[in-house]
Amino acid sequence: MDKSSRNVVLAIVGVIALALCLAVFALQGRERDRLAAEHETLKHAQEVLELAPGESLKMYYKTRGNGFPAKNQAAWAPLHARALLKSKRIPELAEVYRRNPELVQTQEDLSIQVYQFLSTTGRLSAASALRDHWRDRETDQLGWLTASITAYVYLDEIASARGIASTAELNEDDEVHRQLLLARLAEHPATRVAHLDAALALQPSEPDARAARALQLETEDEIRYALYEHKQALRADPDNPERAHALAEFLVRNRQSRAALNLWESWAEKDQQAYIRAALWSRLVRPMQRIPKTPRVFEPDLEQLVTTLASNTEAFFNSSFLDNQVDLEEIFWITLLNKISTAQYTDALTQMNETPTDSPTLNPVMFAGFHQVLNYRVNKKFESQSSPITLDLRPENSPLITRKLQQLAKYKENQGTDLVNNDETLREVETLLASDQIFTAIALAGGWTEAALNLPMPTAISPRWLQLQWVSALMANRSSKITLAYVESLKPWDEQIEVIAAELYLRLDSVPLAEEILRRHAGTATVAGARAADLYARLQFERKAYNEALETIIANPAFSMTVPGHELVARIYIDAGATESALKILSRITKNSTFAREFIAAESYRNGDYKTASDNLAALIRDQPERSDLRESLLQVANAEQKVKL
């Protein structure tokens, strides 16, 4: 090779070497960038772990897909385990223990949860080995006691569970929880109550004790006292979303869905579960008072659900694809209503027949009514008991449509055509069976106002009782302008509709139109006349035309003899400065009027009559135990009385 050729080869080799060096430098630069990015991800995952464990998990799984750098793998492993614990994904944490037992064994709280999971899934040898690892080294005695009791309960060894709970020696702060465990294991209600009392005596404001007392009172059908205890549990632990969810679920179970929605809506921007529940229930009960910001999605499993709810503006949609992701009763109803509103009656009936009916929050009026009508549409059978659930309602507590559907089914079963013809409402219900307005009527009867308003609207020829229920739903969930437009479509008006129109005119500040109608009907001794007298007298009261207001009330006994009539007369006297006259009026209705008792209690306290004040406040607390303000007022009266005695 000559010198020239050698120089060419050397040049080529130099270029290749330079290219290789540049490639190595580039790869090293990319690796440094990747390491830096991964380090930032790890740092962020650690920062959000406490408040957003699901988000930490999301970062973990994404980074793991790219392959962990060796030097950071040791940092990701404990973060992964702790995020699983905080996200309550204990089966996955148990799998981490199987692959890396040392990681779990070094942290007691992880070990307790894995031990409990292994014990209750039949892996007793592995559970026993983990328990032995911590024996005589425990610092969380209550945690291990709770896990052990859960294991015994799983094995149906209740006596053994009671035995270790009875003999366990815990520190003073944990003793309240031992009493709660004993209450949970109690065989007899009286024993359970005794342990609950013992727990509350130790720590009256302990939220777990309050929550346990609430559940016990609910089983005793002491609903208002149970509501008070749930509220106290939340008050003692105000930043815990699980307390809010427990209270909201209680409200749903006890047919107070609007109150439950109010609570979920107040938590919607800080808790993803609350956002989901509010977004779902707002399609059934009432629209959102304001659209909350979509919360950060902490749990990856909930991301699709949150996205779906944020993007679907229609009331009902086929949400069955979410069934495997989250077990919420609202999803069942929204999917069912979607099928009903799109005339997929066979699919709707199949969905109802395949749904477990043991849920304590299942709306019985809705379920039984829908099932009865769908069974009639699909199978041509109109039966009094087609539904797999039984309505446990007294006849006087059953909605009109529920009673009439039951009567109609029984008459048809007995071929009672003449009986149907002799009952106008039954004839109307029979006619409704051929119309989709029957579903509207059932939804209104079940108290799900927003669901009803997204079903077929009653027309001018629909039954009057259904039109009035629709008007009430519009007044609750829509503007007065929209409601009035519907009322206008019902002309010619009868007295009842005309008085409703007057109330809407008042809301829309069309006072002269309202006043003319109310003046005409205020003296009529009917339900509508009583309402007209109420509205007209209040209008005069607001104008401080006290004599005219009193004359309106007195002229209509259908209103003046009622509790609201007495209360309005008293308010007029109070506003006019005639307190003694107001007290005389209110003393007649104390058994049925919260306003009467509160005013008498306040006046008695002001005048130093502490016994009368205490008696009225105590009576109010018996009727409304959920009101903590009454208890505070009673304590204030007691303190004042004590000062006088001293």
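Observations on the structure shown:
- Residues in segment 547-572 that are in a helix (DSSP H, G or I) and open to solvent by 50 Å² or more (accessible area, probe 1.4 Å): Asn547, Glu548, Glu551, Ile554, Pro557, Pro564, Arg571.
Let's see how each residue does on (1) open to solvent by 30 Å² or more (accessible area, probe 1.4 Å); (2) on the phi > 0 side of the Ramachandran plot; (3) out of contact with any Gly (no Cβ under 9 Å at 6 or more places or on another chain):
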{"site": "Trp76", "(1), (2), (3)": "no, no, yes"}
{"site": "Ala83", "(1), (2), (3)": "no, no, no"}
{"site": "Glu95", "(1), (2), (3)": "yes, no, yes"}
{"site": "Asn100", "(1), (2), (3)": "yes, no, yes"}
{"site": "Thr121", "(1), (2), (3)": "yes, no, yes"}
{"site": "Ser125", "(1), (2), (3)": "yes, no, yes"}
{"site": "Trp134", "(1), (2), (3)": "no, no, yes"}
{"site": "Glu138", "(1), (2), (3)": "yes, no, yes"}
{"site": "Ser148", "(1), (2), (3)": "no, no, yes"}
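- The residues on offer are Arg178, Arg192, and the sole one that is of a type in the set (Lys, Arg) and either closer than 20 Å to Glu220 by Cα or open to solvent by 70 Å² or more (accessible area, probe 1.4 Å) (or both) is Arg192.
- Annotation note: Cβ proximity below 9 Å between a residue of segment 220-231 that is over 15 Å from Asp197 (Cα atoms) and a residue that is of a type in the set (Phe, Trp, Tyr) (sequence gap 6+ or interchain) occurs for Ile223/Phe250; Leu227/Phe250; His230/Phe250.
- Any chance Ile517 is modelled with pLDDT of 95 or more, more than 28 Å from Ala460 (Cα to Cα) and not small (Gly, Ala, Ser): no
- Considering residues of segment 476-503 that are open to solvent by less than 40 Å² (accessible area, probe 1.4 Å) and within 14 Å of Leu453 (Cβ to Cβ) only, the residue farthest from the chain's Cα centre (by Cα): Tyr486
- Qualifying residue in segment 573-592 (condition: open to solvent by less than 60 Å² (accessible area, probe 1.4 Å) and in contact with a Leu (Cβ under 8 Å, 6 or more places away or on another chain)): no
- Checked against the criterion of being out of contact with any helix residue (DSSP H, G or I) (no Cβ under 6 Å at 6 or more places or on another chain) and on the phi > 0 side of the Ramachandran plot, the candidates Asp221, Asp239, Asp173 yield just one match: Asp221.
- Some residue of segment 454-470 being in a helix (DSSP H, G or I) and of a type in the set (S, T, N, Q): yes
- Identity of the residue in segment 614-623, under 19 Å from Tyr228 (Cβ atoms) and open to solvent by 40 Å² or more (accessible area, probe 1.4 Å), that ends up farthest from the chain's Cα centre (by Cα): Arg622
- Pair list, Cβ < 8 Å and 6+ apart or interchain, from segment 151-165 residues that are of a type in the set (Lys, Arg) to residues that are open to solvent by less than 30 Å² (accessible area, probe 1.4 Å) and outside any loop (DSSP other than H, G, I, E, B): Arg162/Leu182; Arg162/Leu185
- Residue in segment 595-613 that is of a type in the set (A, V, I, L, M, F, W, C), open to solvent by 40 Å² or more (accessible area, probe 1.4 Å) and over 30 Å from Glu222 (Cα atoms) present: no
- Unmet requirement for Glu138, which otherwise passes all of (1) under 30 Å from His195 (Cα atoms); (2) without any contact (Cβ under 8 Å) to a residue 12 or more places away in the chain: (2)
- Pairs, first over 16 Å from Gly369 (Cβ atoms) in segment 405-425, second in a helix (DSSP H, G or I) and modelled with pLDDT of 75 or more, C-beta under 7 Å, six or more apart: Leu419/Tyr411; Val420/Leu408; Val420/Tyr411; Val420/Leu426; Val420/Arg427; Val420/Glu430; Asn421/Arg427
- Residue, modelled with the lowest pLDDT, within segment 256-310, restricted to residues that are open to solvent by 20 Å² or more (accessible area, probe 1.4 Å) and of a type in the set (Val, Ile, Thr): Val297
- Checked against the criteria, Ala525 counts as in a loop (DSSP other than H, G, I, E, B) and either aliphatic (A, V, I, L, M) or crowded, with 22+ Cβ neighbours inside 10 Å (or both).
- The single condition from (1) closer than 27 Å to Val644 by Cα; (2) within 39 Å of the chain's Cα centre (by Cα); (3) among the acidic types (Asp, Glu) that Asp609 fails is (2).
- Selection count, segment 426-452, where residues are touching a residue at least 60 places away in the same chain (Cβ under 8 Å), part of a helix (DSSP H, G or I) and farther than 18 Å from Tyr345 by Cβ: 3
- Residues of segment 490-519 classified as of a type outside the set (Phe, Trp, Tyr) and outside any helix (DSSP H, G or I), total: 7
- Candidates Arg64, Arg99, Arg89, filtered to the one that is of a type in the set (D, E, K, R) and under 21 Å from Gln273 (Cα atoms): Arg89
- In segment 50-69, residue modelled with the highest pLDDT [restricted to those that are more than 17 Å from Glu92 (Cα to Cα), among the hydrophobic types (A, V, I, L, M, F, W, C) and open to solvent by less than 70 Å² (accessible area, probe 1.4 Å)]: Ala52
The values are calculated or read from the model by the stated rules, or taken from the named source; none is laboratory data. None of these values were measured; they are calculated from a predicted model. Please note: Cβ atoms are built from the backbone with ideal geometry, for glycine as well, and neighbour counts cover all protein chains shown. Areas reflect the complete protein model, heavy atoms only, side chains present, ligands, DNA and RNA absent. Shrake-Rupley method; radii C 1.70, N 1.55, O 1.52, S 1.80 Å.
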